[in-house]
Amino acid sequence: MERMRGLMNASGGKFDRALLYTMSLVSANSDGRIEVDFVVGDQHTNVWTPSCSLIDLIGTSSIVVKSDVFYGMSVDVSVSYIAAAPEYAKVRIVSVCHKAGKSLAFMTVTLSVGDKLIAKDSVTMFNTASI
């Protein structure tokens with residue numbers, strides 16, 4: 001979680017930092033799987049921006065945990081929004097980095113409330129340091 005906070009503080013995004021400090025790390029392991037809980041506040045309702053920011057942040061963090069490399073740019077993002085999370089619901093975010101190579105990394109991110117899937121995502125990221 002500290003590495004994630006460092007990434008967000010470096011980006012300077014006030015909205016992303018506000019999201020980050022409302023999350024709690026459930027688990028993270030070196031095979032690239034991260035689980036985080038996030039509680040939906042009144043400032044997050046009726047907008048999809050929080051889910052996109054969460055997907056980007058947690059997904060990028062799963063790559064960093066697996067490969068210890070920060071991939072700088074998403075080149076393919078596909079998000080399927082299935083349902084809305086109600087206000088004050090605890091959302092579980094699970095990100096899995098399936099492969100992190102020299103120039104590309106592949107991950108999936110799911111957001112769920114209890115057993116109900118609310119969004120799923122797949123992302124391909126490009127390692128800008130590889131060029």
Expressed in nm to one decimal, what extension gain is obtained for the pair Thr124 and Ala89 from 0.36 nm per residue of sequence separation less their Cα-Cα distance?
9.7 nm
Return the FRET efficiency for the residue pair Lys116, Val39: r is the Cβ-Cβ distance, R0 is 22 Å, and the value is rounded to the nearest 0.05.
0.90
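For the stretch 59-131, compute Rh as the Kirkwood radius over C-alpha pairs and then the Stokes-Einstein diffusion coefficient at 10 °C and 1.306 mPa s; write the answer in µm²/s, rounded to an integer.
Numbers: Rh = 12.9 Å.
For these conditions, the coefficient is 123 µm²/s.
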Give me the net charge for the shell around Val123: Cβ to Cβ below 13 angstrom, other residues only, Lys and Arg +1, Asp and Glu -1.
-1
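Read-outs: derived from the displayed coordinates by stated rules, not from any lab. Quick caveat: nothing in here was measured; it's all calculated off a predicted structure. Backbone-built Cβ (ideal geometry, glycine too); neighbour counts: all protein chains shown.
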